[in-house]
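Below is one structure, written out as structure tokens, with a few remarks after it.
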Amino acid sequence: MKAAVITFPGSNCDRDLAVAFERAGADVVRVWHKEGELPKGIDIVGVPGGFSFGDYLRCGAIAAQSPVARAVRDHAARGGYVLGICNGFQILTETGLLPGALMRNASLKFVCKALHLRVETSDSAFTNLWKKGDTPRIPVAHHDGNYTIDPEGLARLRGEDRIAFTYVENPNGAMADIAGVLSENRRVLGMMPHPERVVEAAQGGTDGSVLFRSLMAAMAVA
């Protein structure tokens, strides 16, 4: 698997994401946001967490207009895989690759803690090594993680089995406790929790490594 990890001004989880891919066995290249094209042969694009462009306009809104964002959209349109984490999730909704929006936390406070997610589907390249109902412990760190979507959109996500993760205990007011969603072709995942922060025991857990190993397993049989 060959992975590209994007860096925007204000990204702060890009190295963590690159290391998580590498530990799973991927070849990783780093891509600056001003690049208009992705390197050849990329299987998956990682859009990391952080505060792209300082979140000055709206979380992810400016990053979604970067040259590399167009390349990521083209990659997804060709059937390529994309993983957006935290600010990366926000960017993917701003680009239109995923439905819904990430709003201010209901508490109006920044939330930073480890909590349990519930795996809602194992039918994706990102979750195939989990079983539905598994509860991995993954940290969150965000101020705008309140996932919001209209009732018709929520019904569609549910009907198409595109809710990847929910929160066991909702930390931000997200509709239907949603922590992560999949695209229509199931090859784009956006999630607010940070699996790349728990891929080594020294980090306090390895639950996040399952996602990256799932990707490697899916690529091996693709």
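The values are calculated or read from the model by the stated rules, or taken from the named source; none is laboratory data. Bear in mind the structure is a predicted one, so any value in this text is a computation, not a measurement. Positions of Cβ are backbone-derived with ideal geometry, glycine not excepted, and every protein chain shown enters the neighbour counts. Protein only, heavy atoms only, side chains kept; ligands, DNA and RNA dropped before computing areas. Shrake-Rupley method; radii C 1.70, N 1.55, O 1.52, S 1.80 Å.
At a glance:
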{"quantity": "Radius 12 Å from Cβ of VAL19, net charge of other residues (Lys, Arg +1; Asp, Glu -1)", "calculated": "-1"}
{"quantity": "C-alpha center-to-center spacing [the stretch 25-82, the stretch 101-145] in angstrom", "calculated": "21 Å"}
{"quantity": "Sequence-distant lysines (8 or more away, or on other chains) whose Cα lies within less than 22 Å of LYS40", "calculated": "LYS2"}
{"quantity": "Candidates ASP134, ASP144, ASP177, ranked by Gaussian network fluctuation over the chain, Cα under 10 Å, top entry", "calculated": "ASP134"}
{"quantity": "Å² of accessible area per residue within the stretch 60-201, as computed with a 1.4 Å probe and no ligands counted", "calculated": "40 Å²"}
{"quantity": "Three-way shape label, the stretch 95-222, alpha-carbon gyration tensor, a/c 1.5", "calculated": "oblate"}
{"quantity": "Rounded to the nearest 20 debye, dipole of the stretch 1-112 from Cβ charges on Lys, Arg, Asp, Glu", "calculated": "160 debye"}
{"quantity": "Inter-label distance for GLU22 and ARG137, nm, one decimal - labels placed 7 Å from Cα along Cα-to-Cβ", "calculated": "2.7 nm"}
{"quantity": "Length released on extending from ARG30 to VAL168, taking residue separation times 0.36 nm less the Cα-Cα span", "calculated": "46.3 nm"}
{"quantity": "Linear extension gain, LYS113 paired with GLU37, 0.36 nm per residue minus alpha-carbon span", "calculated": "23.8 nm"}
{"quantity": "Spatially proximal lysines relative to LYS113 (Cα-Cα < 30 Å; intrachain offsets below 8 disregarded)", "calculated": "LYS131, LYS132"}
{"quantity": "Share of carbon and sulfur in the accessible heavy-atom surface of the chain [1.4 Å probe, %]", "calculated": "48 percent"}
{"quantity": "Selected from LEU57, LEU115, LEU97 as most flexible by GNM, with the chain as the system and alpha-carbon contacts under 10 Å", "calculated": "LEU57"}
{"quantity": "Beta bridges per DSSP with both ends in the chain, % antiparallel, nearest 5", "calculated": "55 percent"}
{"quantity": "Cα shape, the chain, gyration tensor, a/c 1.5 rule", "calculated": "rounded"}
{"quantity": "Whether the stretch 1-44 is rounded, prolate or oblate, judged on the alpha carbon gyration tensor where a/c under 1.5 counts as rounded", "calculated": "oblate"}
{"quantity": "Cα centre as origin, Lys/Arg/Asp/Glu Cβ charges: the chain dipole, Debye", "calculated": "120 debye"}
{"quantity": "Nitroxide proxy distance, nm - points 7 Å out along Cα→Cβ at ARG58 and THR148", "calculated": "1.0 nm"}
{"quantity": "Candidates LEU189, LEU38, LEU108, ranked by Gaussian network fluctuation over the chain, Cα under 10 Å, top entry", "calculated": "LEU108"}
